[in-house]
Amino acid sequence: MFAACEGPSPFEPPIKEPIGEPGEEPEPIDTSGVDTTGHSNPGPVIIDTLKPRNSNRFLALSKGFGTANIYSESELGIITGTYKQAPDYNGSTANLNYSFIAPQNDTLKYRPFVIFVHEGAFIYGDLGSEMGKARSMARKGYAAAAINYRLGFAGGSETNTCGGNNKEVIQAIYRGVQDTYTALHYFADKSNEFGIDPGQMMLAGSSAGSMIISALVYMDEADFEALQPGISKTLGPLDNAKGGTEFRVRSLLTYMGYSVFKTTYVNRNNAKPTVFFQGTSDSVLPYIQGNLFSCGRYFWMLGAKPASERLHSLKVPYDLNYQPGIGHVLSYSQEYIANRYAEFMKRFWSGDLRQTTVEDMKTIQDIKIP
(Lines give C-alpha, C1' and ligand atoms only; values in the text may rest on other atoms or scores of the structure.)
Protein backbone atom coordinates (compact mmCIF):
# COMPACT_ATOMS: atom_id res chain seq x y z
CA MET A 1 0.00 0.00 0.00
CA PHE A 2 2.90 2.35 0.76
CA ALA A 3 6.43 2.61 -0.55
CA ALA A 4 9.03 1.19 1.76
CA CYS A 5 12.75 1.12 2.34
CA GLU A 6 14.75 -2.10 2.32
CA GLY A 7 16.89 -3.14 5.26
CA PRO A 8 16.95 -1.98 8.88
CA SER A 9 15.66 1.44 9.84
CA PRO A 10 18.34 4.17 9.97
CA PHE A 11 16.23 5.75 12.72
CA GLU A 12 16.33 2.74 15.02
CA PRO A 13 17.80 3.82 18.40
CA PRO A 14 20.60 1.76 19.90
CA ILE A 15 19.15 -0.76 22.30
CA LYS A 16 20.72 -0.56 25.73
CA GLU A 17 20.89 -3.35 28.24
CA PRO A 18 17.90 -3.41 30.58
CA ILE A 19 18.48 -1.49 33.77
CA GLY A 20 17.07 -3.27 36.80
CA GLU A 21 15.77 -1.90 40.03
CA PRO A 22 18.29 -1.75 42.89
CA GLY A 23 19.19 -5.24 43.99
CA GLU A 24 17.29 -6.93 41.16
CA GLU A 25 18.32 -8.56 37.95
CA PRO A 26 15.97 -8.49 34.94
CA GLU A 27 14.54 -11.89 34.13
CA PRO A 28 15.99 -13.02 30.80
CA ILE A 29 13.72 -13.58 27.81
CA ASP A 30 14.83 -15.93 25.10
CA THR A 31 14.74 -13.86 21.89
CA SER A 32 17.09 -16.11 19.93
CA GLY A 33 14.22 -17.44 17.85
CA VAL A 34 12.71 -14.05 17.04
CA ASP A 35 12.78 -13.10 13.39
CA THR A 36 14.29 -9.62 13.44
CA THR A 37 13.58 -9.06 9.77
CA GLY A 38 9.82 -9.02 10.38
CA HIS A 39 7.13 -11.12 8.74
CA SER A 40 5.99 -11.52 5.18
CA ASN A 41 2.42 -12.04 6.38
CA PRO A 42 0.87 -10.03 9.24
CA GLY A 43 -1.62 -12.77 10.08
CA PRO A 44 -4.20 -15.10 8.61
CA VAL A 45 -7.26 -12.84 8.93
CA ILE A 46 -6.02 -9.26 8.60
CA ILE A 47 -6.56 -9.25 4.85
CA ASP A 48 -5.09 -6.03 3.50
CA THR A 49 -6.56 -6.65 0.04
CA LEU A 50 -10.12 -6.94 1.36
CA LYS A 51 -12.33 -4.55 -0.57
CA PRO A 52 -14.19 -2.21 1.80
CA ARG A 53 -17.92 -1.72 1.43
CA ASN A 54 -17.34 2.03 1.46
CA SER A 55 -14.37 3.18 -0.61
CA ASN A 56 -11.71 5.55 0.66
CA ARG A 57 -13.03 8.11 -1.83
CA PHE A 58 -16.56 7.88 -0.44
CA LEU A 59 -15.31 8.40 3.12
CA ALA A 60 -13.02 11.23 2.04
CA LEU A 61 -15.84 13.15 0.30
CA SER A 62 -18.48 12.48 2.95
CA LYS A 63 -19.43 15.29 5.30
CA GLY A 64 -18.81 12.92 8.20
CA PHE A 65 -15.80 11.07 9.66
CA GLY A 66 -13.76 14.25 10.18
CA THR A 67 -13.57 16.56 13.18
CA ALA A 68 -17.14 17.90 12.91
CA ASN A 69 -19.75 16.45 15.26
CA ILE A 70 -22.57 15.92 12.78
CA TYR A 71 -24.80 13.93 15.16
CA SER A 72 -26.21 14.96 18.51
CA GLU A 73 -26.09 12.80 21.63
CA SER A 74 -29.78 12.01 21.20
CA GLU A 75 -29.15 10.61 17.71
CA LEU A 76 -26.80 7.91 19.00
CA GLY A 77 -27.86 4.40 19.92
CA ILE A 78 -26.06 2.02 22.31
CA ILE A 79 -26.12 -1.79 22.24
CA THR A 80 -24.52 -3.80 25.05
CA GLY A 81 -23.71 -7.46 25.11
CA THR A 82 -21.15 -10.22 25.64
CA TYR A 83 -18.84 -11.28 22.83
CA LYS A 84 -17.06 -14.11 24.66
CA GLN A 85 -16.76 -16.17 27.83
CA ALA A 86 -13.30 -17.49 28.66
CA PRO A 87 -11.22 -18.66 31.63
CA ASP A 88 -9.02 -15.98 33.18
CA TYR A 89 -5.54 -16.51 34.63
CA ASN A 90 -6.82 -18.34 37.72
CA GLY A 91 -9.41 -20.45 35.90
CA SER A 92 -12.50 -18.40 36.69
CA THR A 93 -14.95 -17.71 33.86
CA ALA A 94 -14.82 -14.13 32.62
CA ASN A 95 -17.74 -12.54 30.77
CA LEU A 96 -16.24 -10.24 28.15
CA ASN A 97 -18.70 -7.46 27.48
CA TYR A 98 -18.94 -4.71 24.91
CA SER A 99 -20.75 -1.42 24.47
CA PHE A 100 -21.47 -0.54 20.85
CA ILE A 101 -22.40 3.01 19.89
CA ALA A 102 -23.32 4.52 16.51
CA PRO A 103 -25.71 6.99 14.87
CA GLN A 104 -29.17 5.55 14.40
CA ASN A 105 -32.11 6.16 12.07
CA ASP A 106 -30.13 7.44 9.09
CA THR A 107 -29.44 6.11 5.60
CA LEU A 108 -25.79 4.98 5.76
CA LYS A 109 -25.76 1.19 5.77
CA TYR A 110 -22.11 0.46 6.67
CA ARG A 111 -19.88 2.67 8.80
CA PRO A 112 -16.14 2.64 9.46
CA PHE A 113 -15.71 0.95 12.81
CA VAL A 114 -13.39 1.55 15.77
CA ILE A 115 -12.79 -0.98 18.57
CA PHE A 116 -11.49 0.61 21.80
CA VAL A 117 -9.34 -1.46 24.21
CA HIS A 118 -8.96 0.00 27.71
CA GLU A 119 -6.01 0.67 30.02
CA GLY A 120 -5.20 -0.89 33.41
CA ALA A 121 -1.79 -2.62 33.41
CA PHE A 122 -3.54 -5.91 32.43
CA ILE A 123 -4.86 -5.98 36.00
CA TYR A 124 -7.79 -3.56 36.35
CA GLY A 125 -10.06 -1.19 34.41
CA ASP A 126 -13.01 -1.73 32.11
CA LEU A 127 -14.59 -0.53 28.88
CA GLY A 128 -16.28 2.45 30.55
CA SER A 129 -13.07 4.48 30.44
CA GLU A 130 -13.12 4.34 26.63
CA MET A 131 -16.76 5.29 26.10
CA GLY A 132 -16.09 9.04 26.05
CA LYS A 133 -13.81 8.68 23.03
CA ALA A 134 -16.15 6.12 21.46
CA ARG A 135 -19.08 8.52 21.85
CA SER A 136 -17.09 11.35 20.26
CA MET A 137 -16.22 9.15 17.28
CA ALA A 138 -19.88 8.14 16.91
CA ARG A 139 -20.93 11.79 16.81
CA LYS A 140 -18.57 12.20 13.85
CA GLY A 141 -20.30 9.36 11.99
CA TYR A 142 -18.27 6.32 13.02
CA ALA A 143 -19.52 3.15 14.64
CA ALA A 144 -17.49 2.29 17.74
CA ALA A 145 -17.34 -0.31 20.48
CA ALA A 146 -15.42 -0.49 23.73
CA ILE A 147 -14.59 -4.01 24.93
CA ASN A 148 -13.50 -5.76 28.08
CA TYR A 149 -10.78 -8.41 27.97
CA ARG A 150 -9.44 -10.88 30.52
CA LEU A 151 -7.53 -9.21 33.33
CA GLY A 152 -5.04 -10.30 35.93
CA PHE A 153 -1.81 -12.24 36.24
CA ALA A 154 -0.30 -14.14 39.16
CA GLY A 155 1.53 -11.82 41.55
CA GLY A 156 0.26 -8.61 40.00
CA SER A 157 -2.17 -6.24 41.72
CA GLU A 158 -3.41 -2.69 41.25
CA THR A 159 -1.08 -1.56 44.04
CA ASN A 160 1.86 -3.73 42.93
CA THR A 161 2.13 -4.08 39.16
CA CYS A 162 5.71 -5.32 39.63
CA GLY A 163 4.65 -8.36 41.66
CA GLY A 164 4.51 -10.78 38.75
CA ASN A 165 7.12 -12.13 36.37
CA ASN A 166 7.74 -12.06 32.63
CA LYS A 167 5.94 -15.33 32.04
CA GLU A 168 2.76 -14.11 33.69
CA VAL A 169 2.79 -10.69 31.98
CA ILE A 170 3.42 -12.15 28.51
CA GLN A 171 0.51 -14.52 29.07
CA ALA A 172 -1.67 -11.54 30.05
CA ILE A 173 -0.77 -9.79 26.79
CA TYR A 174 -1.42 -13.01 24.86
CA ARG A 175 -4.88 -13.36 26.43
CA GLY A 176 -5.64 -9.73 25.58
CA VAL A 177 -4.68 -10.33 21.95
CA GLN A 178 -6.81 -13.50 21.85
CA ASP A 179 -9.81 -11.58 23.17
CA THR A 180 -9.36 -8.68 20.77
CA TYR A 181 -9.12 -11.11 17.85
CA THR A 182 -12.38 -12.66 19.03
CA ALA A 183 -14.02 -9.23 19.22
CA LEU A 184 -12.87 -8.41 15.67
CA HIS A 185 -14.37 -11.67 14.40
CA TYR A 186 -17.54 -11.15 16.41
CA PHE A 187 -18.25 -7.73 14.93
CA ALA A 188 -17.11 -8.69 11.42
CA ASP A 189 -19.45 -11.70 11.43
CA LYS A 190 -22.30 -9.45 12.61
CA SER A 191 -21.40 -6.54 10.34
CA ASN A 192 -24.82 -6.48 8.70
CA GLU A 193 -26.55 -6.46 12.07
CA PHE A 194 -24.36 -3.67 13.47
CA GLY A 195 -24.10 -1.72 10.21
CA ILE A 196 -20.30 -1.70 10.08
CA ASP A 197 -17.76 -2.09 7.29
CA PRO A 198 -15.34 -4.98 8.01
CA GLY A 199 -13.02 -3.53 5.37
CA GLN A 200 -12.69 -0.25 7.33
CA MET A 201 -11.89 -1.31 10.89
CA MET A 202 -9.58 0.55 13.26
CA LEU A 203 -8.08 -0.54 16.57
CA ALA A 204 -7.80 2.04 19.36
CA GLY A 205 -6.01 1.28 22.60
CA SER A 206 -5.01 3.12 25.77
CA SER A 207 -1.89 2.11 27.72
CA ALA A 208 -2.15 -1.69 28.15
CA GLY A 209 -4.77 -1.58 25.39
CA SER A 210 -2.26 0.02 23.04
CA MET A 211 0.17 -2.83 23.76
CA ILE A 212 -2.55 -5.36 22.95
CA ILE A 213 -3.51 -3.86 19.60
CA SER A 214 0.14 -3.42 18.59
CA ALA A 215 0.91 -7.05 19.47
CA LEU A 216 -2.16 -8.20 17.51
CA VAL A 217 -1.02 -6.47 14.33
CA TYR A 218 2.74 -6.98 14.59
CA MET A 219 3.19 -10.31 16.39
CA ASP A 220 2.08 -13.80 15.47
CA GLU A 221 1.98 -17.01 17.45
CA ALA A 222 5.58 -17.83 16.53
CA ASP A 223 6.76 -14.54 18.05
CA PHE A 224 5.04 -15.32 21.34
CA GLU A 225 6.46 -18.84 21.22
CA ALA A 226 9.95 -17.38 20.80
CA LEU A 227 9.41 -15.24 23.90
CA GLN A 228 7.77 -18.05 25.88
CA PRO A 229 7.98 -21.57 24.44
CA GLY A 230 4.77 -23.53 24.92
CA ILE A 231 2.47 -20.54 25.39
CA SER A 232 0.11 -21.60 22.60
CA LYS A 233 -0.18 -25.10 24.09
CA THR A 234 -0.96 -23.56 27.46
CA LEU A 235 -3.41 -20.87 26.31
CA GLY A 236 -4.54 -22.10 22.90
CA PRO A 237 -4.12 -20.48 19.47
CA LEU A 238 -3.56 -16.75 19.32
CA ASP A 239 -6.46 -16.52 16.88
CA ASN A 240 -8.64 -19.61 16.96
CA ALA A 241 -11.31 -18.50 14.48
CA LYS A 242 -11.87 -20.72 11.49
CA GLY A 243 -13.51 -19.13 8.49
CA GLY A 244 -15.96 -16.33 9.09
CA THR A 245 -16.06 -12.83 7.64
CA GLU A 246 -12.72 -11.37 6.64
CA PHE A 247 -11.80 -7.97 8.03
CA ARG A 248 -9.22 -5.31 7.44
CA VAL A 249 -7.46 -3.27 10.14
CA ARG A 250 -6.71 0.09 8.56
CA SER A 251 -4.90 1.88 11.39
CA LEU A 252 -3.86 1.91 15.06
CA LEU A 253 -5.06 4.75 17.28
CA THR A 254 -3.18 4.82 20.58
CA TYR A 255 -3.28 6.87 23.77
CA MET A 256 -1.41 7.00 27.11
CA GLY A 257 1.68 5.42 25.66
CA TYR A 258 2.71 2.74 23.23
CA SER A 259 5.04 -0.22 23.51
CA VAL A 260 6.30 -2.97 21.25
CA PHE A 261 8.88 -5.69 21.96
CA LYS A 262 10.83 -4.96 18.78
CA THR A 263 10.28 -2.25 16.18
CA THR A 264 11.69 -4.69 13.63
CA TYR A 265 8.41 -6.61 13.96
CA VAL A 266 7.06 -3.68 11.92
CA ASN A 267 7.87 -4.07 8.24
CA ARG A 268 6.63 -2.85 4.90
CA ASN A 269 4.11 -5.68 4.63
CA ASN A 270 2.33 -5.11 7.93
CA ALA A 271 2.98 -1.49 8.95
CA LYS A 272 -0.19 0.39 9.90
CA PRO A 273 -0.84 4.15 9.88
CA THR A 274 -0.72 5.08 13.57
CA VAL A 275 -1.65 7.90 15.94
CA PHE A 276 0.44 8.15 19.12
CA PHE A 277 -0.19 10.09 22.35
CA GLN A 278 2.50 9.88 25.02
CA GLY A 279 4.41 11.88 27.63
CA THR A 280 8.18 11.90 27.31
CA SER A 281 8.59 11.13 31.05
CA ASP A 282 6.17 8.20 31.05
CA SER A 283 7.29 5.71 33.70
CA VAL A 284 4.63 3.11 32.88
CA LEU A 285 5.29 2.64 29.16
CA PRO A 286 8.63 4.06 27.95
CA TYR A 287 8.55 6.90 25.44
CA ILE A 288 11.87 5.67 24.02
CA GLN A 289 12.89 2.42 25.71
CA GLY A 290 12.86 0.80 29.13
CA ASN A 291 11.40 -1.89 31.35
CA LEU A 292 7.63 -2.32 31.27
CA PHE A 293 6.01 -0.41 34.16
CA SER A 294 9.57 0.61 35.19
CA CYS A 295 9.82 -2.81 36.87
CA GLY A 296 13.44 -3.93 36.70
CA ARG A 297 12.53 -7.62 36.40
CA TYR A 298 10.14 -7.09 33.48
CA PHE A 299 11.03 -7.20 29.81
CA TRP A 300 12.44 -4.36 27.74
CA MET A 301 10.04 -2.37 25.53
CA LEU A 302 10.26 0.31 22.85
CA GLY A 303 7.86 3.25 22.86
CA ALA A 304 6.19 5.79 20.62
CA LYS A 305 9.37 7.61 19.61
CA PRO A 306 11.26 4.66 18.03
CA ALA A 307 7.98 3.23 16.72
CA SER A 308 7.24 6.48 14.86
CA GLU A 309 10.80 6.55 13.53
CA ARG A 310 10.31 3.04 12.21
CA LEU A 311 7.16 4.16 10.38
CA HIS A 312 9.09 7.18 9.11
CA SER A 313 11.69 4.90 7.52
CA LEU A 314 8.92 2.82 5.92
CA LYS A 315 7.09 5.91 4.58
CA VAL A 316 3.91 5.08 6.51
CA PRO A 317 1.66 7.87 7.86
CA TYR A 318 1.73 8.65 11.58
CA ASP A 319 0.69 11.40 13.97
CA LEU A 320 3.00 11.60 16.99
CA ASN A 321 1.52 13.71 19.80
CA TYR A 322 3.77 14.13 22.83
CA GLN A 323 3.96 16.24 25.96
CA PRO A 324 7.50 17.06 27.18
CA GLY A 325 8.20 16.17 30.79
CA ILE A 326 4.76 14.65 31.33
CA GLY A 327 4.28 11.14 32.69
CA HIS A 328 1.70 8.49 31.91
CA VAL A 329 -1.41 10.60 32.61
CA LEU A 330 -1.87 13.16 29.85
CA SER A 331 -3.87 16.40 29.80
CA TYR A 332 -5.69 16.05 26.46
CA SER A 333 -9.48 16.11 26.44
CA GLN A 334 -11.31 13.13 25.01
CA GLU A 335 -12.78 15.35 22.30
CA TYR A 336 -9.30 16.52 21.28
CA ILE A 337 -8.09 12.92 21.06
CA ALA A 338 -11.11 11.91 18.97
CA ASN A 339 -10.56 14.91 16.70
CA ARG A 340 -6.94 13.87 16.09
CA TYR A 341 -8.04 10.30 15.36
CA ALA A 342 -10.75 11.45 12.93
CA GLU A 343 -8.58 14.07 11.24
CA PHE A 344 -5.86 11.46 10.72
CA MET A 345 -8.27 8.99 9.13
CA LYS A 346 -9.86 11.67 6.94
CA ARG A 347 -6.42 12.58 5.57
CA PHE A 348 -5.63 8.91 5.01
CA TRP A 349 -8.83 8.30 3.06
CA SER A 350 -8.20 11.48 1.05
CA GLY A 351 -4.79 10.18 -0.01
CA ASP A 352 -3.08 13.00 1.91
CA LEU A 353 -0.43 10.81 3.52
CA ARG A 354 1.59 12.67 6.15
CA GLN A 355 3.96 12.12 9.02
CA THR A 356 3.24 14.74 11.65
CA THR A 357 4.82 15.46 15.02
CA VAL A 358 2.88 17.58 17.51
CA GLU A 359 4.37 18.93 20.73
CA ASP A 360 1.81 20.16 23.27
CA MET A 361 -0.82 20.61 20.54
CA LYS A 362 1.60 22.57 18.33
CA THR A 363 2.71 20.95 15.06
CA ILE A 364 6.49 21.02 14.82
CA GLN A 365 6.92 18.69 11.83
CA ASP A 366 4.65 17.88 8.91
CA ILE A 367 6.11 15.71 6.16
CA LYS A 368 4.17 14.87 3.02
CA ILE A 369 4.81 11.27 1.95
CA PRO A 370 5.56 11.27 -1.81
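The values are calculated or read from the model by the stated rules, or taken from the named source; none is laboratory data. Everything numeric here is computed off the predicted structure, so don't read it as measured data. We place every Cβ from the backbone using ideal geometry, glycine too, and count neighbours over all the protein chains shown.
Does LEU292 satisfy the condition of being buried (at least 20 other Cβ atoms within 10 Å of the Cβ), within 15 Å of the chain's Cα centre (by Cα) and modelled with pLDDT of 95 or more?
When the stated conditions are applied, LEU292 does not pass them.
Consider ILE29 against the criteria (1) surrounded by 15 or more Cβ atoms within 10 Å (Cβ to Cβ); (2) modelled with pLDDT of 95 or more; (3) more than 18 Å from HIS185 (Cβ to Cβ); (4) in contact with a strand residue (DSSP E or B) (Cβ under 9 Å, 6 or more places away or on another chain): it satisfies all of them except one. Which criterion is unmet?
(2)
Return the only residue of GLY152, GLY132, GLY163 being within 24 Å of LEU330 (Cβ to Cβ) and over 16 Å from the mean Cα position of the chain (by Cα).
On inspection, the qualifying residue turns out to be GLY132.
Return the residues of segment 122-162 that are of a type in the set (Lys, Arg) and part of a helix (DSSP H, G or I); say none if nothing qualifies.
Hits for segment 122-162 are LYS133, ARG135, ARG139.
Looking at segment 198-246, which of its residues are surrounded by fewer than 16 Cβ atoms within 10 Å (Cβ to Cβ), outside any helix (DSSP H, G or I) and within 20 Å of the chain's Cα centre (by Cα)?
PRO237, ASN240 - these are the residues of segment 198-246 that are surrounded by fewer than 16 Cβ atoms within 10 Å (Cβ to Cβ), outside any helix (DSSP H, G or I) and within 20 Å of the chain's Cα centre (by Cα).
May I ask you to list the residues in segment 112-143 that are among the hydroxyl-bearing types (Ser, Thr, Tyr) and either out of contact with any helix residue (DSSP H, G or I) (no Cβ under 6 Å at 6 or more places or on another chain) or without any contact (Cβ under 8 Å) to a residue 24 or more places away in the chain (or both)?
TYR124, SER129, TYR142
Among the residues of segment 304-350, write down those that are outside any loop (DSSP other than H, G, I, E, B), under 24 Å from PRO286 (Cβ atoms) and either of a type in the set (Ser, Thr, Tyr) or at pLDDT below 95 (or both).
Once the filter is applied, which keeps residues that are outside any loop (DSSP other than H, G, I, E, B), under 24 Å from PRO286 (Cβ atoms) and either of a type in the set (Ser, Thr, Tyr) or at pLDDT below 95 (or both), segment 304-350 yields SER308, SER313, TYR318, TYR322, TYR336, TYR341.
Go through segment 344-360 residue by residue and tally those that are surrounded by fewer than 17 Cβ atoms within 10 Å (Cβ to Cβ) and touching a residue at least 40 places away in the same chain (Cβ under 8 Å).
Adding up the residues that qualify gives 2.
With out of contact with any helix residue (DSSP H, G or I) (no Cβ under 9 Å at 6 or more places or on another chain) and among the hydrophobic types (A, V, I, L, M, F, W, C) as the only criterion, which of ALA188, ALA172, ALA204 stands out?
ALA188
So, in segment 80-111, of the ones that are in a strand (DSSP E or B) and either at pLDDT below 95 or of a type in the set (Val, Ile, Thr) (or both), which residue ends up nearest to LEU184 (Cα to Cα)?
My answer is THR82.
Considering only segment 217-230, state which residues are hydrophobic (A, V, I, L, M, F, W, C) and without any contact (Cβ under 8 Å) to a residue 60 or more places away in the chain.
Matches in segment 217-230: MET219, PHE224.
Take the residues of segment 227-259 that are among the small types (Gly, Ala, Ser) and out of contact with any strand residue (DSSP E or B) (no Cβ under 7 Å at 6 or more places or on another chain): which is nearest to ASP197 (Cα to Cα)?
GLY244
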